[in-house]
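None of the figures in this text is laboratory data; all of them are computed from the coordinates on show. All values derive from a computational prediction rather than experimental measurement. FYI the Cβ positions are ideal-geometry reconstructions off the backbone, even for glycines, and counts take in every protein chain you see.
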Amino acid sequence: MAEQTAIPEATEVLEADGETCATLTPLIRATIRPLDSGSVLVVRTDDPAARAGVPAWSRLTGNELVATVEEDDGHTRFYLRKK
């Protein structure tokens, strides 16, 4: 059984309903840029492709993907800690 990761408190929330991965990752970059190092950005999206795209973006940029929460209504919340 997978170990449960604690959900961190959010510094900032990005509601990104209707955004595709092509527009979502630039929005994430623009939103996380002014945050202090160690801050947590929560991204909530309804794009199923984000389940692969956001973790890939995290690996490429070095910002830590702390937790992913799949919600019952088809949304996913990603908790990203700024490097």
Residue hits (the stretch 1-59; polar (S, T, N, Q) and either surrounded by fewer than 15 Cβ atoms within 10 Å (Cβ to Cβ) or outside any loop (DSSP other than H, G, I, E, B) (or both)) are Gln4, Thr5, Thr20, Thr23, Thr25, Thr31, Ser37, Thr45, Ser58
Would you call Thr68 within 16 Å of Ala6 (Cα to Cα) and of a type in the set (Ser, Thr, Tyr)? yes
